[in-house]
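The values are calculated or read from the model by the stated rules, or taken from the named source; none is laboratory data. Values in this document were obtained by computation on a predicted structure and should not be read as measured data. With ideal geometry, Cβ positions are generated from the backbone for all residues, glycine too; neighbour counts draw on all protein chains shown. The area values use the complete protein model at the heavy-atom level, side chains included, leaving out ligands, DNA and RNA. Shrake-Rupley method; radii C 1.70, N 1.55, O 1.52, S 1.80 Å.
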Amino acid sequence: MPKHITRLLALVGAGLVFALVARYFVVPDSFYRFGHFRADSVPEIAAKEPVFQGAAYCEGCHSERHAEWSANNHKSVACETCHGAAKGHPDNGKLPVPADTVALCTLCHEAMPGRPQTQPQVVVAQHAADQQCKACHNPHAPKIAAVAAKVTGDAAIGRKLADAECASCHGARGISPNDTWPSLAGQNAAYLVRIMSAYKSGAQEDVIMTPLAKAISDEDIRNLAVYYAGLSCADQGAAAGVRGDVEAGKALAKNCAACHGETGIGSNPAWPNFAGQKAGYLVNVLKAFRGGLRKDPTMASVVRGLSDADINNLAAYYASQRCQPTKK
């Protein structure tokens, strides 16, 4: 046999011997007992405390958020997907609340050819410019209600009820005589139904509105909404005595335009119009959202960073805008 073949075979043989010896000293005894892995790793891994605790762990302290989340289309996204692992919480401090929601939400919702069409997708640059997703979407229940169906009701019955129950605060024709009470004339009927139903159910609370709403039937709520939506909202005098800076408010209102329109008239009738609304009322309601007296996660996140001066400026801008055209 040629010498070079002999040397090659000897080298291969030496390599095999070395591998067998190395395997004896290096490979754990439990390797391949259950499969191609170290069997002792199974109890070792099982003994470790889980880093992710699961949604049930969060429910004890965050029952309201948990109920909201579990009833909506983000229920397939675990709490810790967005807030981080809960091991050690709350003893080791609060879990982070994502600030850059654009970076977070686009991980699943940025338009990509390979994603299924059932997955909501957006082209970020065209969707909401530089606004954060949470400006319009509640992260726990992100689906924005579609444009509400047309509200049907009897305006004549609504007028009688309004004259008897509502006129003293909201005016005989829906134009409030008090700067701190909202005018209802020309307001979206779907929004009026939604907010009155919230007062009735207790989802929103107000010392005056809650008991009034509880005493009104769902049918009469629709009648009131149709009546007020059909009134003229012109010449409300909403901007009288305004203390804010309209131009500064206009700049701030860009953050609200996606939901409420550039001038305070939005595209979704389930949301309120602000154009021509009483400035004092707008100031009070924005401060109520900021302070948690009115409950809405989306609005709370929007107004959280506003100063009193910012709120005054926003109110001044919206109060100075022309409301919807006169309705006959």
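Out of (1) free of Cβ contacts under 8 Å to residues at least 40 places away in the same chain; (2) farther than 30 Å from V97 by Cβ; (3) surrounded by fewer than 21 Cβ atoms within 10 Å (Cβ to Cβ); (4) of a type outside the set (S, T, N, Q), the odd one out for A234 is which?
Condition not satisfied by A234: (1).
Just wondering, is there one or more residues in region 59-76 that are over 19 Å from the mean Cα position of the chain (by Cα) and more than 30 Å from K143 (Cβ to Cβ)?
no
Yes or no: G153 farther than 18 Å from Y228 by Cβ and among the small types (G, A, S)?
No: the conditions fail for G153.
Can you pull out every residue in region 182-232 that is touching an Asp or Glu at 6+ places or on another chain (Cβ under 8 Å) and part of a loop (DSSP other than H, G, I, E, B)?
I216
Every residue in region 164-178 that is within 21 Å of A275 (Cα to Cα) and open to solvent by 60 Å² or more (accessible area, probe 1.4 Å), please.
Of everything in region 164-178, those that are within 21 Å of A275 (Cα to Cα) and open to solvent by 60 Å² or more (accessible area, probe 1.4 Å) turn out to be A172, R173, P177.
Based on what the data block shows, is G88 on the phi > 0 side of the Ramachandran plot and either among the hydroxyl-bearing types (S, T, Y) or free of Cβ contacts under 8 Å to residues at least 60 places away in the same chain (or both)?
Yes.
Does H74 satisfy the criteria of being open to solvent by 80 Å² or more (accessible area, probe 1.4 Å) and within 30 Å of I144 (Cα to Cα)?
In short, no.
For the list (1) among the small types (G, A, S); (2) in a helix (DSSP H, G or I); (3) open to solvent by less than 70 Å² (accessible area, probe 1.4 Å), I need the number of the one condition that G93 fails.
Among (1) among the small types (G, A, S); (2) in a helix (DSSP H, G or I); (3) open to solvent by less than 70 Å² (accessible area, probe 1.4 Å), the lone unmet condition for G93 is (2).
Here's a check for you: in region 194-227, which residue that is under 19 Å from R294 (Cβ atoms) and touching a Lys or Arg at 6+ places or on another chain (Cβ under 6 Å) is most open to solvent (accessible area, probe 1.4 Å)?
Residue satisfying both the conditions and the ranking: K214.
Which of the residues spanning region 285-296 are part of a helix (DSSP H, G or I), over 18 Å from C233 (Cβ atoms) and either open to solvent by less than 50 Å² (accessible area, probe 1.4 Å) or in contact (Cβ under 8 Å) with a residue 40 or more places away in the chain (or both)?
Across region 285-296, the qualifying residues are L286, A288, F289.
Could you list, in sequence order, all residues of region 297-309 that are touching a residue at least 40 places away in the same chain (Cβ under 8 Å) and either within 16 Å of D179 (Cβ to Cβ) or open to solvent by 40 Å² or more (accessible area, probe 1.4 Å) (or both)?
Within region 297-309, P297, V302, A309 meet the criteria.
One residue is enough: does region 224-238 have a residue meeting the conditions more than 26 Å from the chain's Cα centre (by Cα) and aromatic (F, W, Y)?
yes
Quick test for you: out of V102, V77, pick the one residue that is among the aliphatic types (A, V, I, L, M), in a loop (DSSP other than H, G, I, E, B) and free of Cβ contacts under 8 Å to residues at least 60 places away in the same chain.
Going through V102, V77 in turn, just one is among the aliphatic types (A, V, I, L, M), in a loop (DSSP other than H, G, I, E, B) and free of Cβ contacts under 8 Å to residues at least 60 places away in the same chain: V77.
Just to be sure I understand, how many residues within region 13-56 are farther than 30 Å from P90 by Cβ, open to solvent by 100 Å² or more (accessible area, probe 1.4 Å) and assigned to a loop (DSSP other than H, G, I, E, B)?
Total meeting the criteria: 5.
Against the conditions (1) of a type in the set (S, T, N, Q); (2) open to solvent by 80 Å² or more (accessible area, probe 1.4 Å); (3) not in a loop (DSSP other than H, G, I, E, B), where does T118 fall short? Just the number, please.
(3)
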